Amino acid sequence: MPERKKPILTNVPIKPIAHRGDYIVGTEKELSTEEWKQLLQGFGTYQLELQIKMKPAYRIQFVVDPGLETLKMELKQNPSIRYVETNAILEKKNSTSNP
């Protein structure tokens, strides 16, 4: 029986593309607008949107990006915050070579 050949990948692997100033923050419970105002005081203008209700996760978009480490250091002081990460979008790029 002939040996099977492995398929050849023709696309560049999927990679996350982070958008500056765009973050996902997971919390233990839903936080009120007032609680968010207190947490994000000093970070400037932002847009806040609840993404997942069950185990709450919020998307926060800042006009001026505070940086992931700065945001983590500030928010993780609150026991209601589970995690802080950049909001990355997976992007698949086609190979530039033609078969």
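The values are calculated or read from the model by the stated rules, or taken from the named source; none is laboratory data. Since we're looking at a predicted model, the values are computed, not measured. Ligands, DNA and RNA are excluded from the accessible area calculation, which covers all protein heavy atoms including side chains. Shrake-Rupley method; radii C 1.70, N 1.55, O 1.52, S 1.80 Å.
Using each residue's phi in region 29-35, evaluate 6.51 cos²θ - 1.76 cosθ + 1.60 at θ = phi - 60° and report the 3J(HN,Hα) Karplus result to the nearest Hz, with x for Gly and Pro.
Taking θ as phi minus 60°, the curve returns 8, 5, 9, 6, 4, 5, 4 Hz for region 29-35.
Give the Rg/Rh ratio for region 21-95, taking Rg as the radius of gyration of the Cα atoms and Rh as the Kirkwood radius, to two decimals.
That ratio equals 1.01.
For region 21-95, with all protein chains present and a 1.4 Å probe, just round the carbon and sulfur fraction of the accessible area to a whole percent.
Its accessible area is 50 percent carbon and sulfur atoms.
Would you kindly state how much longer the chain becomes between residue 49 and residue 36 on full extension, computed as 0.36 nm times their sequence separation minus their alpha carbon distance, in nm to one decimal?
Result: 3.6 nm gained on full extension.
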